[in-house]
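Each value in this text was obtained by applying a stated rule to the coordinates, not by laboratory testing. Everything quoted here is computed from the prediction, not taken from an experiment. Please note: Cβ atoms are built from the backbone with ideal geometry, for glycine as well, and neighbour counts cover all protein chains shown.
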């Protein structure tokens with residue numbers, strides 16, 4: 001038994017203790033478990049996943065929108081509202097431009113100070129920068145940890161940039177897309193297809209000029225969308241978060257969607273899709289590791305030199321690499 | 001022979017013609033070839049890659065930086081400068097937040113009007129949104145197309161958000177990182193590790209307050225970096241692009257780096273690394289397609305339902321999926 005294995009075993013043995021502490025409302029337990037997911041070895045992550053399997057489902061509410069649309073303010077408003085209902089709430093803020101994970105960065109620091117003494121709240125930032133596949137692995141595992149730690153609601157917040165935005169919808173039960181007046185957002189949202197991922201649309205900063213027009217544009221676009229009669233029709237909520245105007249309507253829309261998810265069996269279906277995405281992410285990660293692993297390093301370098309010199313094209317090289325990696329999938 | 005195959009065959013037969021047209025300076029040839037890369041079937045893309053293999057190498061200059069740092073202005077200045085040297089220049093602008101590809105969007109439209117009559121210039125925007133792995137496949141293939149079309153310099157421009165930024169450095173011969181005063185950029189750049197990918201650092205908008213301080217901070221950070229004596233030491237250039245102040249210094253820095261790349265053998269090494277990244281991207285794409293393909297759809301759904309219900313954890317499910325996919329790598 002090497003020292004490394006001993007450390008791993010000790011960590012694995014601690015997981016039930018950490019879960020107990022987290023369930024009792026101790027942030028350090030939650031924080032440590034998430035750090036194991038983010039930084040632990042594959043064995044450690046597997047041990048955490050095993051310990052968390054079969055936990056209650058939280059309401060996972062994804063919130064996304066362009067930078068500057070006011071996501072943090074909206075998330076803070078929801079955080080307070082769900083606390084008023086006496087539910088344990090976690091915020092997982094995924095920042096696709098940040099290389100940092102762990103603890104809280106930027107706006108979250110302020111939020112944490114505000115809520116530092118409330119054991120019913122946990123706030124965590126997670127970097128996704130540099131992670132191939134965006135949220136593909138760490139974020140879903142963290143969601144399972146938060147559920148196992150007993151949180152009733154998870155607000156999954158991310159900047160709406162690139163693939164990460166779509167990933168949020170994949171891993172949330174309800175997806176809220178925020179737009180704001182003066183950002184050309186509604187048009188862009190429609191073009192970007194994010195209307196398709198939205199379960200609830202929020203026109204944020206609704207006290208500003210142009211907000212009613214944005215809401216009207218979104219309504220027009222939704223009317224054009226071809227939805228079957230029994231499908232969910234995303235409501236449009238106008239929110240002026242600091243003052244709280246529109247917050248009851250937003251909560252009502254979220255409650256409606258939660259009820260619809262359960263009534264129609266969509267909740268089960270979404271959970272199954274989320275699990276499928278997570279399984280595929282893990283499997284692809286294993287294939288990727290195998291493909292770029294040491295055993296194939298020499299092969300790849302030799303093929304790359306041939307491609308660089310123009311002797312073969314990259315497709316032929318990929319063929320050869322896959323051919324040379326026949327054992328990959330069973331590693 | 002199906003209609004689809006007939007179309008593919010006809011497209012493949014057209015590739016040499018399109019290349020000839022492109023080399024003669026006809027934008028439509030270049031545009032059509034890139035569209036084949038972006039939207040074509042795997043067979044079509046392979047045919048384009050085969051036709052382009054063994055072409056001359058262009059100088060591929062990657063430019064990245066936060067939104068608002070003035071990348072487009074800097075790119076325009078370089079574009080004109082390289083045209084003054086009578087080199088054929090292409091701009092490939094990769095937008096990680098855009099769902100659009102093809103033609104020119106936003107600022108590019110203005111640029112294109114300005115240069116519309118110059119056959120020595122080609123400008124193209126490429127969306128990377130929604131593409132797993134960012135630039136992993138379409139952008140490198142497009143770079144090979146531009147080289148085959150006879151461009152001497154390619155300016156590969158992207159917004160510095162997330163993984164895409166790192167990808168730019170992977171696929172460029174020289175990487176220029178732009179920062180600007182008043183954006184907290186230098187600190188953030190250092191933290192984000194982009195100093196490590198920069199071959200040339202540009203303090204853009206150098207006519208603004210605070211620019212000398214930003215340059216000094218960057219110099220301090222570079223001094224702290226531990227570089228071997230014969231390594232490349234990234235110069236810091238101050239640029240006020242509209243007036244052109246600093247442009248000769250930037251060109252000089254780029255020329256220096258190009259000379260260094262060739263003299264040290266680093267150019268060959270970078271080209272090999274680029275090819276390795278491209279081969280891996282293609283191979284992973286194939287594995288991904290195989291993994292989520294129809295044959296395994298039933299397996300994944302069944303496993304996902306078990307994970308959603310908590311009967312097994314996602315790691316165990318991934319094990320089973322990979323086990324059931326033993327033939328994947330040889331498909």
Exercise. On full extension of the chain, what length is gained from residue B:28 through residue B:292, given 0.36 nm per residue of separation minus the C-alpha to C-alpha distance?
Worked result: 91.5 nm
For this session: Consider just the alpha-carbon atoms of the range A:215-309 and return their Rg together with their Dmax, both in angstrom.
Result: 23.7, 64
Problem set entry | Rounded if a/c under 1.5, otherwise prolate or oblate - the range B:211-259, Cα gyration tensor axes | oblate
For this session: Take peptide A:266-276, look around each residue's Cβ out to 10 angstrom, count Cβ atoms belonging to other protein chains, and average those counts.
Result: 5
Seminar exercise, completed: Per-residue Cβ contact counts at 10 Å, fewest first, order B:149, A:52 as A:52, B:149
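Fewest Cβ neighbours within 10 Å first, please rank A:94, B:176 accordingly.
A:94, B:176
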Seminar exercise, completed: Copies of residue B:41 compared via label points 7 Å along Cα→Cβ give distances in nm, shortest first, of 4.7
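Listing A:71, A:32 from the residue with the fewest other Cβ atoms within 10 Å to the one with the most, what is the order?
Numbers: A:71 26, A:32 17.
Lowest to highest Cβ neighbour count: A:32, A:71.
Other chains near A:40-49: what is the mean number of their Cβ atoms within 10 Å of each residue's Cβ?
Mean shielding by partner chains, rounded to a whole number: 2.
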Problem set entry | Label point distance in nm, residue A:35-residue A:20, each placed 7 Å from Cα along Cα→Cβ | 2.1
Exercise. In nm, one decimal, shortest first: how far is the label point of residue A:232 (7 Å from Cα along Cα to beta carbon) from the matching points in the other copies?
Worked result: 4.8
Seminar exercise, completed: quick shape note, the range B:228-283: Cα extents on principal axes in Å, largest first -> 46, 29, 17
Problem set entry | Other copies of residue B:196: label-to-label distances in nm, shortest first, labels 7 Å along the beta-carbon direction | 3.6
For this session: Rounded to the nearest 0.05, what FRET efficiency do residue A:208 and residue B:43 give with R0 = 51 Å and r taken as the Cβ-Cβ distance? Could you check?
Result: 0.50
